[in-house]
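First up is the structure itself, then whatever we jot down about it.
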Amino acid sequence: MNILIFGPPGSGKSTHSRRIVDRYGLSYISSGDIIRAEIARGTALGNELGRFLARGDLIPDTVVNTLVISRLRRARQNFIIDGYPRTAEQVLTLENYLYDHGIVLDLAMEIFISKEESIERIAGRRICPRCGAVYHVKYSPPKVPGKCDVCGAELIQREDDRRDVVERRYDLYISNMAPIIKFYKRHGLYVRIDGHGSIEEVWERIRPLLDYIRARETSPRRPPEPL
Ligand SMILES: [Zn+2]
């Protein structure tokens, strides 16, 4: 089973990707993780990637393509790709790679939430600058407002989590993904999962679909039997 997963900020796609990886034994290929790992390794490429991010620039397609495709070569089959492809150029590279290697995508799944929901989920996040504990003003508030339960430090909001930043990231996601969604719709692979509600509720919208794909690929073809 080979799938793509994407969704706007706060959609819960990483949480669900982890569940999918656990249940179906897929390789998790996250462009964000791959880029962060390269930076952490301190290679020449990693340093250059770090400079792109520090300037707030987009990483060139050729670099992202090379990193993701080399990871994909190692995984071969049974993967879930998170955060890729994000541009027409990346779609083309991925499609060519899959075609050349006889690999078939089963699904391009978007976990969708509204802009209001995205803002509420992310702008409500508070983190502890000392121990890294994460809270949410509505969903998992600290016992004492503004103070870390673990170490007592004053909680802060990450710059990236500010309302206006989230709003911009959301709009950017929608406009960047529109042509890509259109492409996968045309190929009959696009499925939009309603990402509103609890993690369990959303998971129960995803699981039956993937169970079906898994059953179809593992059940042997049999000749028809009488009823
Ligand atoms: Zn703390």
### Query
Which residues, taken from segment 195-227, are out of contact with any Gly (no Cβ under 7 Å at 6 or more places or on another chain), within 15 Å of SER17 (Cα to Cα) and surrounded by 12 or more Cβ atoms within 10 Å (Cβ to Cβ)?
TRP203, ARG205, ILE206, ARG207, LEU209, LEU210, ASP211
### Query
Can you tell which of SER175, SER118 is of a type in the set (Gly, Ala, Ser), part of a helix (DSSP H, G or I) and crowded, with 18+ Cβ neighbours inside 10 Å?
SER118
### Query
So how many residues does segment 122-162 have that are assigned to a loop (DSSP other than H, G, I, E, B), on the phi < 0 side of the Ramachandran plot and within 11 Å of the ligand (Cβ to nearest atom)?
12
### Evaluation of GLY197 against (1) under 17 Å from ARG121 (Cβ atoms); (2) touching a residue at least 40 places away in the same chain (Cβ under 8 Å); (3) not in a helix (DSSP H, G or I) (one fails), failing number
(2)
### Query
Among the residues of segment 51-61, is there at least one that is at pLDDT 95 or above and under 28 Å from ASP171 (Cβ atoms)?
no
### Query
Mind checking which residues of segment 72-90 are under 22 Å from THR15 (Cβ atoms) and either touching a residue at least 60 places away in the same chain (Cβ under 8 Å) or in contact with a Phe, Trp or Tyr (Cβ under 7 Å, 6 or more places away or on another chain) (or both)?
ASN78, PHE79, ILE80, ILE81, ASP82, GLY83, TYR84, PRO85, ARG86
### Task
Considering each residue of segment 76-114, count those that are part of a helix (DSSP H, G or I) and crowded, with 16+ Cβ neighbours inside 10 Å, and give that number.
4
### Query
Here are some conditions: (1) within 18 Å of the chain's Cα centre (by Cα); (2) within 13 Å of ILE35 (Cα to Cα); (3) among the β-branched types (Val, Ile, Thr). THR66 meets all but one. Which one does it not meet?
(1)
### Task
Identify all residues within segment 92-121 that are free of Cβ contacts under 8 Å to residues at least 12 places away in the same chain and among the polar types (S, T, N, Q); write none if there are none.
ASN96
### Task
Select, from ALA123, ALA153, the only residue that is in contact with a Pro (Cβ under 8 Å, 6 or more places away or on another chain), more than 19 Å from ILE193 (Cβ to Cβ) and of a type in the set (A, V, I, L, M).
ALA153
### Query
Which pairs have Cβ atoms under 7 Å, sit 6 or more apart or on different chains, and link a residue in segment 150-175 that is closer than 15 Å to SER114 by Cβ and in contact (Cβ under 8 Å) with a residue 24 or more places away in the chain to one that is among the β-branched types (Val, Ile, Thr) and part of a helix (DSSP H, G or I)?
ARG163/ILE119; VAL166/ILE119; VAL166/ILE122; GLU167/ILE119
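The values are calculated or read from the model by the stated rules, or taken from the named source; none is laboratory data. Predicted model only: the values in this text are computed from it and were never measured. Cβ sites come from the backbone with ideal geometry, for glycine too, and all protein chains shown count toward neighbours.
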